[in-house]
1. Taking the conditions exactly as written (within 14 Å of chain A (Cβ to nearest Cβ), in a helix (DSSP H, G or I) and either touching a strand residue (DSSP E or B) at 6+ places or on another chain (Cβ under 7 Å) or surrounded by fewer than 17 Cβ atoms within 10 Å (Cβ to Cβ) (or both)), does residue B:424 satisfy them or not?
2. Given the criteria more than 30 Å from residue B:362 (Cβ to Cβ) and within 7 Å of chain A (Cβ to nearest Cβ), does residue B:402 qualify?
3. Determine whether region B:150-160 contains at least one residue that is in contact (Cβ under 8 Å) with a residue 24 or more places away in the chain, more than 25 Å from residue B:205 (Cβ to Cβ), over 15 Å from the mean Cα position of the chain (by Cα) and crowded, with 23+ Cβ neighbours inside 10 Å.
4. Residue check, residue B:350 against (1) in the same structural domain as residue B:277 (by TED's automatic domain parsing); (2) over 25 Å from residue B:239 (Cβ atoms); (3) in contact with a helix residue (DSSP H, G or I) (Cβ under 7 Å, 6 or more places away or on another chain), all met but one. Which one?
5. Output the residue which, of all residues in region A:416-437 that are assigned to a strand (DSSP E or B) and closer than 17 Å to residue A:367 by Cβ, is farthest from the chain's Cα centre (by Cα).
6. Whether any residue in region A:193-204 is touching a strand residue (DSSP E or B) at 6+ places or on another chain (Cβ under 9 Å), surrounded by fewer than 18 Cβ atoms within 10 Å (Cβ to Cβ), over 30 Å from residue A:76 (Cα atoms) and at pLDDT below 90 is what I want to check.
7. Restricting to region B:444-472, count the residues that are within 8 Å of chain A (Cβ to nearest Cβ) and under 26 Å from residue A:196 (Cβ atoms).
8. Exactly one condition in (1) within 13 Å of chain A (Cβ to nearest Cβ); (2) closer than 25 Å to residue A:35 by Cβ; (3) surrounded by fewer than 16 Cβ atoms within 10 Å (Cβ to Cβ) is false for residue B:431; which is it?
């Protein structure tokens, strides 16, 4: 036993190494080198594996902005509409109808409220530098998020090289020591991302199993997620900041100034939407004053051509329509989207009316007289364009349509046909067949057919809306 | 100042710098003064009000030690005077300890007992805060007059050196409980801060922090969940929590001791080994030569032996063991659960004694597979017995103890597998290091490794601490005692 102990002890000391103070110095250097290696490995690991579907980092949200950034960095082709903002944008704005009626592709980068508007500005600036300006940008944020200043932990996880704020354009007004803290937060990941690393190390089977869920361009028409309602906790005592006076942060000021100026200089449309309100809370004068204060402050950025405020009369919803005070439930988010979209389309129509070509429908033919529950109707539209005066008119755009129960609003649609690109020339009755395959025809009755003819007018859209009431019969 | 805080690290660095500069000039007396000031500053950080208490206890014990060591009368009555002085100083020390720590406990218990007999008496409770480290430095101070009385050492001429012995900042809060005959002579002369000691100190401090901030604090999360509301748990979850506490208390207290010993090494001092791979013990006697050695040896030398030890027959020995362990349990805190824990260990010691040589054997020689099974089996069984005691030790009430033991089983929940994995993950480094300590026969084996290998190992430990350490400072378990 003693011999074994002696042998083991001598084995440990047999390898040559510096002695004395040199040995201690060597040890310390080796410690630092090991930390550097481990930190570097962790840094690159986290760059590639930033977010998993589960785990504490998803709850804490420290890596929250990353999903949007990775979606943006990996974007191969430009999109026509960018949605920016916090989770209100992510949850309350449904991209499918927006893409159908504004045209082209869309990406919803709605993210984390704590990331501040600086993140929205940087994402927009990054996109513009990569692809040039989009046609439309829609910004939706909760009222209190305009009051947030930058959080260095979020800035640190943006997967761009150090100094990206200078290269992108919107530079924070740095306070003393912030850059140093940001450097540590960004690069000393053993400490700054210890929660994420702890989680990953405690779940080794998931170390490389879960790809990061980056946001990708996608058109979707309804949300599936439902979470338990937290509405009962929402009151003045528990959430005082929701009822206190509106005080925007300097970061929000800088960000919106830069974004507005960018819209004006590059000629894209920038819509700032006012979020939905819980009807009971909105009865509180404090809440009304806060929202009104926010609108008044936002107005300073608007103009008649490029920057617009949308839904200035806030839409209110019942408690059962809301997951929490910022997020709408499925069904309600459709209403909100359609309302915001309606205003955006109106604004664009006003601005493009002069240059828009006349376009209409020569005929609308259904493939059946009557449908049974579950069937997908196909609509063939014959488009006309131009007038006897303007015979060279040709219209480029999209056609889409929806079916809604007779007499109801668009937000209660049951079936949709996503937009199909079309070019119509004068004199030619351009035919387009649309199959309504998004949604479900679940009830018997009469349905209205709503057709949206969108024509591109420069960087704007002009929409011609055609309604055929009670056209679809379902038995 | 808690060890695991930035303020302590900054404080330590500052003291080391001044101490080292004085060391270059071989000014060991000034070094002692610096350490004494640092110790009082450090203790004052906890609570300024108790500086007077530790100072007072220092004076009383110093004077008593002087009186015992320098009897002024003739031989016959000198012995009586020495005994008298010893008795007085021990009574004083234990009175102070008893007043602050046990008065309210015994008062409440007495009221309850009388009440059960229908006698209603008003409770007289003192609104006293337990001074931090009182249990430790009181016992440490007692060793001085006792060792002088036994002739193991002469009274020290320097009151400052003695004051430093009582208040030495690495040990004052949670030990190890030093012996005057071991530590005081180290203060009374120049000390060599050798490269070897620095290496050992670095290893002990780093490993101590890893044990506390990674192992203890992480497995402690499981323990806190179950002990926080035991009715939510059953079956294997309870077993895991008990196992987790078994790990936590070793890593927490062992970590503290290692940090204390490491810090002392940096100043050139050697503190008593407090833990010697305790969960590799094969019987209760063996366990108590490995667990909290400074306390168990204190009770052996200053209570068990004076009671008669094992010199007065089997039954008296058993009684002495039980009394010693009950008081050892009581030392940990003013609660009956601690008393029961102590009694449990006393019971184990007695039972194993009655088993004779089989019960007392610590032979680990591996001759064949039977010996492997025997050694392994006895070791594992000992761990189970010790863990059962920890379950009581950690509990806040007997109803909690009853619930935990009555709901042990094999049923599992959604957290069972992840808890097993967590417990395994965080215990593994502790097991590996303890096996290496056992095999090399040295708790500081890592300090003897090649500097490059050491650096990589230390770097991994530091990375582990950074990643896994809790966001808030957690206190050491034994600080509460």
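1. Spelling it out, residue B:424 is indeed within 14 Å of chain A (Cβ to nearest Cβ), in a helix (DSSP H, G or I) and either touching a strand residue (DSSP E or B) at 6+ places or on another chain (Cβ under 7 Å) or surrounded by fewer than 17 Cβ atoms within 10 Å (Cβ to Cβ) (or both).
2. no
3. Among the residues of region B:150-160, not one is in contact (Cβ under 8 Å) with a residue 24 or more places away in the chain, more than 25 Å from residue B:205 (Cβ to Cβ), over 15 Å from the mean Cα position of the chain (by Cα) and crowded, with 23+ Cβ neighbours inside 10 Å, which makes the answer no.
4. It is condition (1) that residue B:350 fails.
5. It comes out as A:431.
6. Among the residues of region A:193-204, not one is touching a strand residue (DSSP E or B) at 6+ places or on another chain (Cβ under 9 Å), surrounded by fewer than 18 Cβ atoms within 10 Å (Cβ to Cβ), over 30 Å from residue A:76 (Cα atoms) and at pLDDT below 90, which makes the answer no.
7. 10
8. (1) is the only condition that residue B:431 fails.
The values are calculated or read from the model by the stated rules, or taken from the named source; none is laboratory data. In this text, all values refer to a predicted model and were calculated from it rather than measured experimentally. Every residue, glycine among them, receives a Cβ derived from its backbone with ideal geometry; neighbour counts consider all protein chains shown.
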